[in-house]
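Since every read-out is calculated from the coordinates, none of them should be taken as a lab result. Nothing here was measured: the structure is a model prediction, and the numbers come from that model. Cβ placement follows ideal geometry from the backbone for every residue including glycine, while neighbour counts extend to all protein chains displayed.
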Amino acid sequence: MRKNIVAGNWKMNTTLDEGVELANNVNTLLKEKKANCEVIVCVPFTHLTSVNAVIEPELVKLGAENCSEHAKGAYTGEVSASMVKSTGAQYVILGHSERRQYFGENNEQLLAKTKLALENGLLPIFCVGEVLEERENGSYNDVVRGQVEALFSLTPEEFGKIVIAYEPVWAIGTGKTATSDQAEDMHAHIRKVIAEKYGQEVADNSSILYGGSCKPSNAKELFAKPNVDGGLIGGASLKAEDFMGIIEAFG
């Protein structure tokens, strides 16, 4: 059965002390109020071990924001999937639009990262999504299909461990938000693409998160859609109360 998930992506924010305090605050709020979804905080590499020490695993899961496409070796500054796993992390975000846009990550690299993450027992949150030009010229369904199909050399069992996050790139950090109907249409399209390759059961069990400017004010409407299984949350995950407001949309 697919899970409802709210995952925070802190991006390049918070010092170590600030991050530990934020994680502690999220953990405390979740002790006070029962969550009706899985909660994940995806934090900078420098924070992983320290955050893992203050969160309770039955309340909050830990994730990284990226990992290397290489298993190990002379790759100064890179962090491998096995290193991420050794911190206590369970999840890793891969293919975020900022990684694709600013660091030129392509489908071949992202497949390599995904395979290494799975081999090391990490669950990938794999991001897909179109930019404004692709939304406006009508190619967005084909663009997202291609990004999902980049993983189609995985076995059904492997693919079944992937969480997909749909990010309308034009809605990230811009204040724009896809309407709940636009989000639902794309999530349904992604599920159809998965079903064509792996069958309806795998598609029905795949969690697909919405990742574009989700806030406490619009989360309930988004999460009410049948194919929207939660959110990958950016800015609103940096304040524990706002993050909790989104989690409570699964009330």
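Across segment 92-101, not a single residue is classified as without any contact (Cβ under 8 Å) to a residue 24 or more places away in the chain, surrounded by fewer than 15 Cβ atoms within 10 Å (Cβ to Cβ) and not acidic (D, E).
Residues in segment 164-182 that are touching a Leu at 6+ places or on another chain (Cβ under 6 Å) and under 16 Å from F223 (Cβ atoms): A165, S180.
Can you confirm whether G160 is under 29 Å from L118 (Cβ atoms), in contact with a Leu (Cβ under 6 Å, 6 or more places away or on another chain) and touching a residue at least 12 places away in the same chain (Cβ under 8 Å)? Considered against the rule, which asks whether it is under 29 Å from L118 (Cβ atoms), in contact with a Leu (Cβ under 6 Å, 6 or more places away or on another chain) and touching a residue at least 12 places away in the same chain (Cβ under 8 Å), G160 comes out as no. Annotation note: Cβ proximity below 6 Å between a residue of segment 23-36 that is within 18 Å of K220 (Cβ to Cβ) and a residue that is outside any loop (DSSP other than H, G, I, E, B) and not aliphatic (A, V, I, L, M) (sequence gap 6+ or interchain) occurs for N36/F250.
So that you can scan it fast, the table gives a plain yes or no per residue for (1) surrounded by 13 or more Cβ atoms within 10 Å (Cβ to Cβ); (2) farther than 22 Å from K225 by Cβ; (3) out of contact with any strand residue (DSSP E or B) (no Cβ under 7 Å at 6 or more places or on another chain):
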| residue | (1), (2), (3) |
| --- | --- |
| T114 | yes, yes, no |
| E149 | yes, yes, yes |
| E157 | no, yes, yes |
| I162 | yes, no, no |
| K176 | no, no, yes |
| M186 | yes, no, no |
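Of everything in segment 11-47 that is touching a Gly at 6+ places or on another chain (Cβ under 7 Å) and among the hydrophobic types (A, V, I, L, M, F, W, C), the residue that is surrounded by the most Cβ atoms within 10 Å (Cβ to Cβ) is V43. Residues in segment 120-156 that are over 14 Å from N106 (Cα atoms) and β-branched (V, I, T): 3 in all.
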